[in-house]
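Below: one structure, written as structure tokens.
The values are calculated or read from the model by the stated rules, or taken from the named source; none is laboratory data. Predicted model, so just to flag it, every value in this text is computed and none were measured. Don't worry about glycine lacking a Cβ; one is built from the backbone with ideal geometry, like all the others, and counts go over all protein chains shown. Just so you know, the surface numbers come from the protein's heavy atoms only, side chains and all, with ligands and any DNA or RNA stripped out. Shrake-Rupley method; radii C 1.70, N 1.55, O 1.52, S 1.80 Å.
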Amino acid sequence: MRTKYLTIILIILITLIFSLNTMALAAESLRIDFIDVGQADSILIQLPNKEKMLIDGGNNEDGDLIVKYLTKLKINKLDYLVATHPHEDHIGGLDNIINNFKVNKVYMPKISHTSQTFRDLLIAIKEKGLKISIAKAGVSLIDKGDVQVRIIGPVKEDYKELNNYSAIVKINFNDTSFLFTGDAEAEVEEELVTSKIDLAADLLKIGHHGSSSSTTLAFLEKVNPQYGVISVGKDNKYGHPTKFTLEKLNRTGVEVYRTDQLGTIIAISDGQKITFNHKAPFISTTKISNNKLPLTISNLNLKDEIVLITNNGSEDINISNWKLLSLRGKQEFIFPQGTIIKAGESLKVVSGRNASKGKGQIIWTKSYIWNNNGDAAQLYDLKGNLIAEYY
Ligand SMILES: [Zn+2]
């Protein structure tokens with residue numbers, strides 16, 4: 001009989017310990033602060049294992065702001081400091097941060113720069129007695145239980161564009177995932193798309209402040225994020241984020257959060273879902289002005305170089321001398337005199353080496369027009385009104 005009681009007590013104890021343990025697990029969270037540093041990047045990540053990571057440190061003048069921000073959060077040590085690439089808007093404040101906090105590991109891509117800002121960073125690292133770990137694809141920072149932090153870019157050793165050296169960080173926490181691409185551009189995105197690296201992420205830090213040089217459609221489709229965060233300054237001189245990028249995000253159903261509109265953006269994951277400190281912003285769909293015509297660009301096949309324009313109405317539409325525009329290469333096709341799309345029918349505009357004439361088919365050129373990494377088409381009428389577009 002005594003053993004029976006003991007067994008019951010033991011079972012109760014084990015159940016208690018087990019439930020306490022799962023409660024502790026449920027309390028674990030991952031918090032990401034996209035600190036508002038204007039036209040720059042600075043991202044603080046508080047990992048479920050309580051380690052802290054900082055990706056980039058804003059411009060030179062942002063150093064104090066970031067130091068204050070971290071201090072307010074009672075952070076005195078950074079376990080990982082990532083300087084994505086040597087441009088000032090990413091490393092500017094890092095010397096200040098290194099001088100003010102304990103830093104465990106510094107990750108940087110293997111590329112140098114002649115700027116004073118870059119020199120300041122190297123001096124701060126040296127004076128603190130820190131070593132630089134090379135940030136490149138394949139480096140694993142954490143791989144414990146339900147948390148993985150990996151560097152998946154840069155993929156190659158050499159790039160022409162400094163932005164493409166950007167350290168790219170992928171974080172997985174239980175069922176949620178995050179991708180931070182620095183300022184990496186289309187070239188790197190394509191390398192990642194064609195690699196075997198798992199790119200899927202619930203949240204994507206939109207590359208290069210929403211510039212058109214990044215966020216190709218192919219990359220966006222592979223990452224397939226639910227949320228996109230753009231770190232960007234109000235009325236910046238670069239025109240970031242571009243309409244082209246915003247449209248792509250809009251069309252692929254990405255909920256976009258922008259620091260120029262919302263200030264600092266905080267995302268918290270409990271391992272299952274992600275919540276934000278701001279309400280989901282209103283997602284607008286583009287309105288095409290003065291479009292009373294039942295004309296649409298119903299398909300744009302980038303690989304086969306085919307644009308399909310459809311007349312959904314009950315009357316023929318004359319599109320002589322209208323203009324078809326490729327948005328990436330900014331190339332124009334003027335429809336020849338007498339081009340008519342009959343009611344309910346479609347017209348194919350083909351290009352590329354294999355382009356040929358046929359029924360309901362017209363040749364733009366034998367050259368290649370469309371960028372396979374993502375492109376968009378717009379159709380303008382004689383007066384220059386945007387009639388239809390396809391992203
Ligand atoms: Zn930048």
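For segment 27-276, what does the alpha-carbon gyration tensor say about shape, rounded, prolate or oblate, given a ≥ b ≥ c as the root eigenvalues, a/c under 1.5 as rounded, and a/b over b/c as prolate?
rounded
Starting from 0.36 nm per residue, how many nanometres of slack lie between residue 161 and residue 127 once their C-alpha separation is accounted for?
That pair, residue 161 and residue 127, stretches by 9.3 nm at full extension.
Give the relative contact order (percent, whole number) for the chain; include only Cα pairs under 8 Å separated by 6+ residues.
Over the chain, the number comes to 11 percent.
222 nm [θ] for the chain, helices only, -39500 (n - 2.57) per DSSP H run of 4+, per residue, to 500? Provide the component values of the computation, followed by the final result.
Values: 9 runs with 88 residues, N = 391.
Value at 222 nm, helices only: -6500 deg cm²/dmol.
Would you mind getting the accessible area per residue of segment 295-390, heavy atoms of the protein chains only, 1.4 Å probe, in Å²?
51
Starting from the Cα-Cα distance between residue 367 and residue 4, subtract it from 0.36 nm times their residue separation and give me the gain in nm to one decimal. Working shown, then result.
On the way: separation 363, 0.36 × 363 = 130.68 nm, distance 8.43 nm.
In short, 122.3 nm is gained.
Applying a 10 Å radius around every beta-carbon, put 52-58, 377-383 in order of their mean neighbour count, most first.
52-58, 377-383
Output the 0 to 90 degree angle, nearest 10, between the alpha-carbon long axis of helix 116-127 and the longest principal axis computed from the alpha carbons of the chain.
20
Hey, got the dipole for the chain? About the Cα centre, +1 on K and R Cβ, -1 on D and E Cβ, debye to the nearest 20? Could you put the intermediate results ahead of the total?
Working: 46 positive and 44 negative charges, 130 e Å.
With Lys and Arg at +1 and Asp and Glu at -1, about 620 debye.
Quick one: Cα centre-to-centre distance for segment 70-87 and segment 52-68, in angstrom?
Cα centres, segment 70-87 to segment 52-68: 7 Å.
What is the distance, in nm, between label points placed 7 Å from the Cα along the Cα-to-Cβ direction at residue 356 and at residue 298?
2.3
Say the dipole of the chain comes from +1 at the beta carbon of Lys and Arg and -1 at that of Asp and Glu; which of 174, 230, 109 then lies farthest toward its positive end?
174
Between residue 273 and residue 112, what is the label-to-label distance in nm when each label sits 7 Å out along the Cα-to-Cβ direction?
Taking the simple label geometry, residue 273 and residue 112 are separated by 5.1 nm.
Output the 0 to 90 degree angle, nearest 10, between the alpha-carbon long axis of helix 63-72 and the longest principal axis computed from the alpha carbons of the chain.
Value to nearest ten degrees: 50.
Work through the residues other than residue 380 whose Cβ is under 10 Å from its Cβ and net out their charges, Lys, Arg +1 and Asp, Glu -1. The partial results should precede the final answer.
Values: positive: 323, 383; negative: 332, 381, 389.
After counting each charged neighbour, the total is -1.
Where the accessible area of the chain is counted over protein heavy atoms with a 1.4 Å probe, how much of it, in %, is carbon and sulfur?
Solvent-exposed carbon and sulfur of the chain make up 52 percent of the total.
Quick one: which residues, 5+ away or cross-chain, put their amide H under 5 Å from the amide H of residue 331? H built at 1.01 Å from N.
Here the answer is 326, since their amide H atoms fall under 5 Å of that of residue 331.
Using the basic label-point model (7 angstrom from Cα toward the beta carbon), what is the residue 68 to residue 224 distance in nanometres?
4.3
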